[in-house]
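Have a look at the structure below before the remarks.
Please treat every number below as a calculation from the coordinates, not as lab data. Note that the structure is predicted; figures quoted are calculated from it, not measured. Ideal geometry is used to build each Cβ from the backbone, glycine not excepted, and the neighbour counts take in all protein chains shown.
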Amino acid sequence: MPARGRAVAVVAHCHLNANTKVHGLADYEGARRDVVDSLIQCGVGIVQLPCPEATYLGLARWGMTREQYDVASYRRHCQKLLEPIVEILLALKADGCTIEAVVGVDGSPSCGVSRTCVGYAGGEIAALSDTGIPQASEAPKPGVFIEVLQALMGDAGLDVEFRGVTEHLSG
C-alpha cells in the first residue's frame with residue numbers, strides 16, 4: 001500500500017493559478033513556486049480553495065477593496081463555495097489527516113489573512129487618481145472570504161493556523 005503523508009494544507013486558488021487574478025496583478029506565470037514547492041517538498045497535500053472573486057464577478061473584473069466585497073450577497077457566495085471545502089476537511093481529519101494550515105493572500109480583499117485591501121471612496125474610477133486606478137491601502141484584518149472560512153471552520157471544530165503570504169513577490 002502506498003504511503004500517505006497524512007498532512008494537508010488549504011491554499012488560496014491564485015497561489016496555484018495566477019490566471020484567476022485581476023489582470024495586471026499577477027507577479028508569476030502560473031503557480032507560486034515559493035508556496036507550492038515547499039508544501040510538496042514536505043509531503044503535504046494541497047486542498048485548493050476556489051477563487052471567490054472570479055466565480056462572483058468573472059475574470060474581466062477590476063481590483064476592488066474589502067468594503068466593496070463586504071456585502072450580504074458576496075458573503076453568501078463565499079459560504080456556498082466554502083461549505084464543501086469544510087466538509088472535505090472534516091472527512092480528511094476523520095481519516096487521520098492533519099490540516100497543517102490555511103495559506104491565504106495577504107493584501108487581498110477576499111483572501112487576506114492578516115492584511116486586506118481597504119479604501120473604497122465611491123464614484124467614478126477615473127476620478128480617483130491620475131492613472132485611473134483607485135488608491136487603496138491595507139488594514140490589519142482578514143479579507144471577506146477568509147473571514148467566512150474562519151467562521152465555518154470554527155463552527156466545525158477545525159482549529160487550524162491561518163498564514164498569509166504577501167500578494168506580490170516583491171512585497
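Which FRET efficiency value, to the nearest 0.05, do you get for Arg61 and Lys141 by plugging their Cβ-Cβ distance into 1/(1 + (r/R0)^6) with R0 = 25 Å?
Once the sixth-power term is evaluated, E becomes 0.70.
Taken along its principal axes, the alpha carbon cloud of the chain reaches lengths of 62, 33, 27 Å, longest axis first.
For region 1-101, take the alpha-carbon Rg, divide it by the Kirkwood Rh, and send me Rg/Rh.
Checking Rg against Rh, the ratio lands at 1.02.
Only helices enter this figure: runs of n ≥ 4 DSSP H residues, each worth -39500 (n - 2.57), summed and divided by the residues of the chain, yield -10000 deg cm²/dmol at 222 nm to the nearest 500.
Once you charge only the Cβ atoms, +1 for Lys and Arg and -1 for Asp and Glu, what is the size of the charge dipole of region 1-102 about its Cα centre, to the nearest 20 debye? Don't skip to the end; give the middle numbers.
Working: 11 positive and 11 negative charges, 34 e Å.
Taking the Cα centre of region 1-102 as origin, the dipole is about 160 debye.
Segment Ala156..Asn19, full-extension length gain: 46.2 nm, with 0.36 nm per residue of separation and the alpha-carbon distance subtracted.
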